[in-house]
Amino acid sequence: MTIDIKATLPEYAYPPYNADAMATTRASLHTLGCRLNQAETSILGEGLRRKGFELVEFGQPTDLLVLNTCAVTDDAERTSRYVIRKTLKHSPHAFVAVTGCYAQTGMESLKQQAGIDLIVGHQYKLDLPAYLPSPHELRKRSVAEVQHTKTIARGNFDLPHFAESDSTRALLKVQDGCSAMCSFCIIPFARGHERSRTFDDIQREVEVLAARGYREVVLTGVNVGQYAYQGRDFCSLLRWLDQAADFERIRISSIEPTTVGEELLDLIASSKKLCPYLHIPLQSGDDQILQAMNRRHTIKSYIKLIERALVNIPDLGLGTDLLVGFPGESETAFQNTLAVATDLPFSYLHVFPYSPRPGTAAMRLKQRIPSASMKKRADLLLALDRAKRLAFHNRQIGSTVSVLFESGRQNAYRFGTTPNFTRVSITDSGDFQNRILPVTITAATDRCAFGHIASAHPTPSSMGVI
Ligand code: SF4
């Protein structure tokens, strides 16, 4: 079934702008961290536009900076503080509003930092535009105003409005929060318990996104596999999207291993729209460390899951997260991680050095890993990541794949992605933005695969390789 969007485009899709305040005051937004944060920044950007701000590219002189922070590592917090200082250097009078995970968990230290005017915790994050003065009244405050609460509501949610994005991939937030309480992770403290977006609200946004011409939608959340709303679980949400929505591609951003079952694998294998791509965080290749991390899977169950996935979806693009230097990670435990990461056919690895997060259970663990060892281990995994990416790209040389092209170009190169999340580059000068075209892969590096537009158009393939 296809939704007839244009005939019934709801009024809320394009509300009128505030003409008085329009295009007088510049605002820039910046996101640190995950895809979910990116999705939320787009929603905030739309809220600012509706309020009458003129959006400018981050890094340009601005009157307002909205910074959507991350708290997953020390480094992410440091970067937040650096971005604020840097913005105030080129725009000393800019009003600075900070939200995101670090705003929730590090509110006290942000209050001490000069130059911040507004701090908005997670409970009120998407209402941030409402807490700002109107564009013509915007001026710096002497003390930061705080919209913050320690507890975050547990109920399911709607979004205040939908994002407008320049990207050819629409990020669709379907879930928030996490109740898994992995011992190293600050996300449950920053985003609260798991809860799901109401199905009606998702349905409304899907109609709007399809009407805007998106070809691909990416489902985002903290723990998307836990989606549950009035008897609808994640698989039934996917099944509805697969049948009812007008997108050519539906991608899952990242999903916990314990929430990937036969039903999901069968769905991906049988669908022409669901991308053959899974990012399934492993974190460690050692059972004792997994237990100390309070992860819900074992190495055996994870390997079994990947083997099952590959039987169902042979051309799967497979990514994972690995955390190195968790307290107590012995050399043997690390070698176990290296061995599992080497043996499994990952197409890429995201490697994170452990960073003690206040309030988490792992903070209390004594056997900290010296930073030099942590760096050495991270470097080994990063080298493996490059080798995995190269092997994954090389495997596709000679095949013709379908590529959704992004906007813009870098020098002579245009970029796009395949369903299994191979980044592809071509040097053609045509206008390919938001088009899905067949590309024959001729060469590869660890960064991307290179090719040229194939003469024949692709036959849709659930595996991305035609
Ligand atoms: S599953 Fe674990 S690592 Fe992932 S967000 Fe939840 S607590 Fe954090």
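Laboratory data are not the source of any read-out in this text; all were calculated from the coordinates shown. The shown structure was predicted, so the numbers you read here are calculated from the model rather than taken from an experiment. No Cβ is skipped: glycine too gets one built from the backbone with ideal geometry, and neighbour counts run over all protein chains shown.
Here are the numbers for the structure shown:
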item	result
Q112 versus M181: modelled label distance in nm, points set 7 Å from Cα along the beta carbon direction	2.9
Phi-based couplings in Hz for the stretch 120-136 (Karplus 6.51, -1.76, 1.60; Gly and Pro marked x)	10, x, 5, 4, 10, 3, 6, 8, 3, x, 5, 7, 8, x, 5, x, 7
Exposure proxy order (Cβ contacts within 10 Å, fewest to most) of S236, S402	S236, S402
Partnerless Cys - the chain, beta-carbon criterion under 4.7 Å	C34, C70, C101, C178, C235, C275, C448
Listed residue pairs exceeding 21 Å between alpha carbons, taken from K300/K375; K86/K111; K272/K388; K86/K140; K150/K173	K300/K375; K272/K388; K150/K173
Under-5 Å amide H pairs with A71, H placed in peptide plane, nonlocal only	C101, Y102
For L172, distant residues with modelled amide H under 5 Å away	V218, L219, T220
Proxy reagent accessibility, fewest Cβ within 10 Å first, across E137, E54	E137, E54
Antiparallel content of DSSP bridges confined to the chain, in %, to 5	35
Packing-based exposure ordering (other Cβ within 10 Å, fewest first) of M293, M363	M363, M293
Nonlocal amide H pairs with L274, under 5 Å, H built at 1.01 Å	I250
Per-residue ³J(HN,Hα) for the stretch 170-178, Karplus 6.51 cos²θ - 1.76 cosθ + 1.60, θ = phi - 60°, Hz, x for Gly and Pro	8, 9, 10, 7, 10, 7, 8, x, 8
Cα-based shape type of the stretch 276-393, given that a ≥ b ≥ c are square roots of the gyration tensor eigenvalues and the cut on a/c is 1.5	prolate
Karplus 3J(HN,Hα) series, Hz, for the stretch 215-227 with 6.51 cos²θ - 1.76 cosθ + 1.60 (x for Gly, Pro)	9, 10, 10, 10, 7, 10, x, 7, 9, 4, x, 8, 4
Alpha-carbon radius of gyration plus Dmax, which is the widest Cα pair, for the chain in Å	22.4, 65
Radius, Kirkwood style, for the stretch 152-274 when every pair of distinct Cα atoms is counted (Å)	15.0
